[in-house]
Amino acid sequence: MSSTAALPPKAAFNTAQILRLVFSFPVALVSLLLPLTVFTLRYRFSDPDMWWHLKTGQIIWTTHTIPKVDLFSYTTHHHAWIPHEWLSQLTIYAAYFAGGYSGLMAWLCIFSAVLLIAGYLLCSIYSGNPKVAFLGALAIWLFATIGFAVRPQMIGYVLLIVEILLLHLGRTRSPRWFWALPPLFALWVNCHASFIVGMVIAVVTCALSFVGLRAGSLISIKWDPGRSRYLAWSLAFSVAALFLNPIGARQVLYPIDTMLHQPIGLSQVQEWQPLQVTDPRAVLLLLLLLCIFLLVLVRRSELELQELVFLVLGTWLALSHRRMLFVFGILAAPVLSRMLSDLWEGYDAEHDRPLLNAAFIVCSLLVAVWAFPGQHALAAQVEQTSPVKAVAFLKTHRISGRMLNDYVYGGYLIWEAPEYPVFVDGRADVFEWTGVLADYGRWATLESDPHGLLDKYKIDFCLISRNAPMARVLPLMGWNLIYSDNLSVIFSRPRSDEPMPRR
């Protein structure tokens, strides 16, 4: 009887502890990231590449097979294709299957929120100060705004944060945390090509674990041999885990092929172009780096060699390709948080106010739910950025023949009008391998005879942006304008009996 009587107080005590943890100040801080996420994303729904990711996921979902050749265009002649993001694409279609456009938006909000919360957790553990860690999460958010979209990269960058957290826990706590890396990389290689960045970070961490250094404020603490061996063995298994994919070595080498053998995509696709000094994020990048190095110079804060290497790596990636600002934010935020950790007193659980925190958390959740866009608003975004009306015209009037489409329209056409094989779309890799991207680039920028491409591919009609240079050239070539709206135009090839302008 006495032992039974003791159970309720113990259970009540444990419940009280759980409630104090759930309604703690750090959780209240994290809850702020939810409305921030939704407000950031509510007008960023219709990414051009979202559609072909969605279509690929649908094919995997319905056929239970992973496509390994191009199924969407007629110009590549079913060229071999590397489905390096197939698992992420499957989750994207699952979200659409569950809730349509709202499901896709929920997918984006969930993974974006998870990314920011995971970033907060990383900065909190790395700095030891849950308050300052919120500034780190904001830094990740700031640079991540370059790439928030319904695309597999969201999962890839969540996994990048998880990897950095595992490396830190394995270094500062139990080395057994390193054994989570092989399954992480087995998952990562099937979700997004950013696994190669993760592998570089892991290899650098392992190499620097053998280095002991102190040069002014720059330090490197040599690990004990046993911990370094743990990491080395886990990395060996992680490399082997990369081959657990449907393609094999070609999928593992895909990111390297992208960097070395796809110069047109890297130079012409906007997100792969170098960061411009006119981009406000470039100024913020320089300010963040300046802040870190002023802390080193003025306050004599120590900077670890590993941190310096990661900052250099992140800066080089961001300056080379603006989309890599995402990676820079993830690498720089923990360093900034650690250096600022002593400028703001740490969190004291004894002085917490659970009821006030609970009210704050509830308000944050309500604001996030209120800000979530409805189905009608999402459909309106799609119509503003995609050729919705033009596609309806094609279907209603049963336009037939070979289509030449605008690059950014390809994804939507793949999803909404699969009966019209596309000329080109956001999968720049397969079109560069087959020479189509080079042909299209010269045609779209008027660097070649416009007749050449149209005749080479036997184009019957063109669906392009009304602001494209070719929208003004095609009428001069005798092509007929058969449709126009505030976004798109459609031109048809002149009939054989119509007089053609002299070339």
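What is the magnitude of the charge dipole of the chain about its Cα centre, with +1 placed on the Cβ of each Lys and Arg, -1 on the Cβ of each Asp and Glu, and no other charges, expressed in debye to the nearest 20?
The dipole magnitude comes to about 400 debye.
With θ set to phi - 60°, apply the Karplus curve 6.51 cos²θ - 1.76 cosθ + 1.60 along the stretch 398-410 and write out the HN-Hα couplings as whole Hz, x wherever there is a Gly or Pro.
Per-residue couplings from phi come out as 6, 5, 10, x, 7, 9, 10, 10, 4, 3, 6, 8, x Hz.
Calculate the FRET efficiency for LEU213 and GLU345 from the Cβ-Cβ distance with a Förster distance of 35 Å, rounded to the nearest 0.05.
Working: r = 32 Å, r/R0 = 0.90.
The pair LEU213/GLU345 has a calculated efficiency of 0.65.
Could you give log10 I(q)/I(0) at q = 0.05, 0.11 Å⁻¹ for the chain, computed by the Debye formula over C-alpha point scatterers of equal weight, without solvent?
Here the Debye-derived log intensity ratios amount to -0.24, -1.03.
Work out, step by step, the length gained on full extension between ILE264 and PHE237: first 0.36 nm times the residue separation, then minus their alpha carbon distance; give nm to one decimal.
Details: separation 27, 0.36 × 27 = 9.72 nm, distance 3.48 nm.
Here the segment from ILE264 to PHE237 would lengthen by 6.2 nm.
Over the Cα atoms of the stretch 386-492, each weighted equally, I'd like the Debye log10 I(q)/I(0) at q = 0.15, 0.25 Å⁻¹, rounded to two decimals.
Those come out to -0.57, -1.70, one per q.
Provide the packing ranking of 69-78, 276-285, i.e. peptides ordered by the mean count of other C-beta atoms within 10 Å per residue, highest first.
Numbers: 69-78: 17.7, 276-285: 13.0.
So the peptides 69-78, 276-285, ranked by packing, come out 69-78, 276-285.
With +1 on the Cβ of every Lys and Arg and -1 on the Cβ of every Asp and Glu, and nothing else charged, how large is the dipole of the stretch 432-474 about its Cα centre, in debye rounded to the nearest 20?
On the way: 5 positive and 6 negative charges, 36 e Å.
For the stretch 432-474, the charge dipole is close to 180 debye.
Can you list residues whose amide H is under 5 Å from ASN405's amide H, if they're 5+ apart or on another chain and H is modeled 1.01 Å from N?
Here the answer is PHE423, VAL424, LEU463, since their amide H atoms fall under 5 Å of that of ASN405.
With θ set to phi - 60° and the Karplus curve 6.51 cos²θ - 1.76 cosθ + 1.60, what are the ³J(HN,Hα) couplings of the stretch 263-268 in order, to the nearest whole Hz, using x for Gly and Pro?
Residue by residue, the stretch 263-268 yields x, 5, x, 5, 8, 9 Hz.
Distance from a point 7 Å along Cα→Cβ of VAL69 to each backbone N in the stretch 386-420: keep the residues under 20 Å and list them by number.
414, 418-420
Which of GLY410, LEU41, LEU290 sits closest to the plus end of the dipole of the chain, meaning its Cα is farthest towards the positive end, when Lys and Arg get +1 and Asp and Glu get -1 on the C-beta?
LEU290
List the residues, sorted by chain then number, that are 5 or more residues from SER73 or on another chain and whose placed amide H is less than 5 Å from its amide H.
VAL422
Quickly rank 479-489, 424-434 as a protection proxy: mean count of other C-beta atoms within 10 Å, highest first.
Numbers: 479-489: 16.6, 424-434: 21.9.
Ranked by mean Cβ neighbours within 10 Å, highest first: 424-434, 479-489.
Return a whole-number percent for the relative contact order of the chain, with Cα pairs under 8 Å and 6 or more residues apart as the contact set.
Numbers: 720 pairs, mean separation 103.2, N = 503.
Once divided by the residue count of the chain, the mean separation gives 21 percent.
Going by Cα centres, the stretch 187-229 and the stretch 381-412 are how many Å apart?
Cα centroid of the stretch 187-229 versus Cα centroid of the stretch 381-412: 48 Å apart.
Let's test the formula: R0 of 51 Å, r as the Cβ-Cβ distance of VAL204 and HIS376. What FRET efficiency results, to the nearest 0.05?
On the way: r = 48 Å, r/R0 = 0.95.
Efficiency, rounded to the nearest 0.05: 0.60.
Restrict the search to the stretch 51-134; then list the trypsin sites (Lys or Arg not before Pro) that DSSP places in a loop and that have at most 15 other Cβ atoms within 10 Å of their Cβ. Mind dumping the intermediate values first?
Details: sites: LYS55, LYS68, LYS131; in loops: LYS68, LYS131.
Those that pass, being in a loop and sparsely packed, are LYS68.
Applying 1/(1 + (r/R0)^6) with R0 = 41 Å to the Cβ-Cβ distance of LEU366 and ALA16, what FRET efficiency is obtained, to the nearest 0.05? If you can, show how the numbers build up before the last one.
On the way: r = 25 Å, r/R0 = 0.62.
It comes out at approximately 0.95.
Could you state the angle between the C-alpha long axis of helix 132-144 and the longest principal axis of the C-alpha atoms of the chain, as a value from 0 to 90 degrees rounded to the nearest 10?
Helix 132-144 and the main axis of the chain meet at about 10 degrees.
Mind ranking 38-51, 296-309 by how tightly packed they are, going by the mean number of other C-beta atoms within 10 angstrom, highest first? Write out the running numbers ahead of the final one.
Working: 38-51: 18.9, 296-309: 15.9.
Sorting 38-51, 296-309 by mean packing, highest first, produces 38-51, 296-309.
FYI, it's all coordinate maths here, none of it is from the lab. Keep in mind that what you see is a predicted model, and the values were worked out from it rather than measured. For neighbour counting, all protein chains shown are included, and Cβ atoms are generated from backbone atoms with ideal geometry for every residue, glycine included.
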